[in-house]
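The next block holds one structure in the form of structure tokens; read it before the comments.
The values are calculated or read from the model by the stated rules, or taken from the named source; none is laboratory data. Because the structure is a prediction, the values reported are computed rather than measured. No Cβ is skipped: glycine too gets one built from the backbone with ideal geometry, and neighbour counts run over all protein chains shown.
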Amino acid sequence: MKDKDTSKADELRELYRELILDHARSPRHFGKLTDATHSAEGINPLCGDKLKLYFRILENGQIDAACFEGSGCAISVASASLLTDTVIGMNTSDALDFFAVVVSRLRGDVDANNGKRAAIDLGKIRALEGVKEFPSRVKCASLAWHALNSAIHQDSQAVSTE
């Protein structure tokens, strides 16, 4: 018989799996943003993920719109969907803080929330943390986040997880 903590952890993992599958099957903000001010491509050659993220960033640094297009595994698509859903309305400095925390946590850094970043509530993004158990899948989950970082910094080179 499972104890309560194990049962709750199993339920939480199942809820996160369902959230990932939902975003993979029905990605939010999928498509090209024709009036984007910033964009970046991301490629994961090992898994075959190819994404392009588009952002409309206002002069005050607020991310007014975000979209993505491309193809990839369920984790990669779900991560891009969750990312676009999350960053709309954020300013770029908060989005970069979010990027740093998400990538650190995906890598298994339990102390990723430090300093100013301690206030970051990952919310639905926590669903991606399950990939820590599968190191090769971390690249799939982090690809869109690296592309976000590249787009904000207006780096013209495609981001690669290799």
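Some observations on this one:
- Close Cβ contacts (under 9 Å, 6 or more residues apart or on different chains) running from residues in region 7-36 that are of a type in the set (Ser, Thr, Tyr) to residues that are surrounded by 14 or more Cβ atoms within 10 Å (Cβ to Cβ) and not in a helix (DSSP H, G or I) comprise Thr34/Tyr54.
- Gly48 satisfies every condition listed in (1) at pLDDT 95 or above; (2) surrounded by fewer than 16 Cβ atoms within 10 Å (Cβ to Cβ) except (1).
- Tallying residues that are within 17 Å of the chain's Cα centre (by Cα), more than 21 Å from Ala74 (Cβ to Cβ) and among the β-branched types (Val, Ile, Thr) within region 8-41 yields 0.
- Ala100 vs. criteria of a type in the set (A, V, I, L, M), at pLDDT 95 or above and under 12 Å from the mean Cα position of the chain (by Cα): no
- Any hit, region 130-144, residues being touching a residue at least 24 places away in the same chain (Cβ under 8 Å), of a type outside the set (Gly, Ala, Ser), touching a Gly at 6+ places or on another chain (Cβ under 9 Å) and assigned to a loop (DSSP other than H, G, I, E, B): no
- Single residue of region 111-132 satisfying the filter (aliphatic (A, V, I, L, M) and at pLDDT 75 or above) that is surrounded by the fewest Cβ atoms within 10 Å (Cβ to Cβ): Leu122
- Residue list for region 60-86, restricted to those being crowded, with 22+ Cβ neighbours inside 10 Å and of a type in the set (A, V, I, L, M): Ile63, Ala66, Ile75, Val77, Ala78, Ala80, Leu82, Leu83
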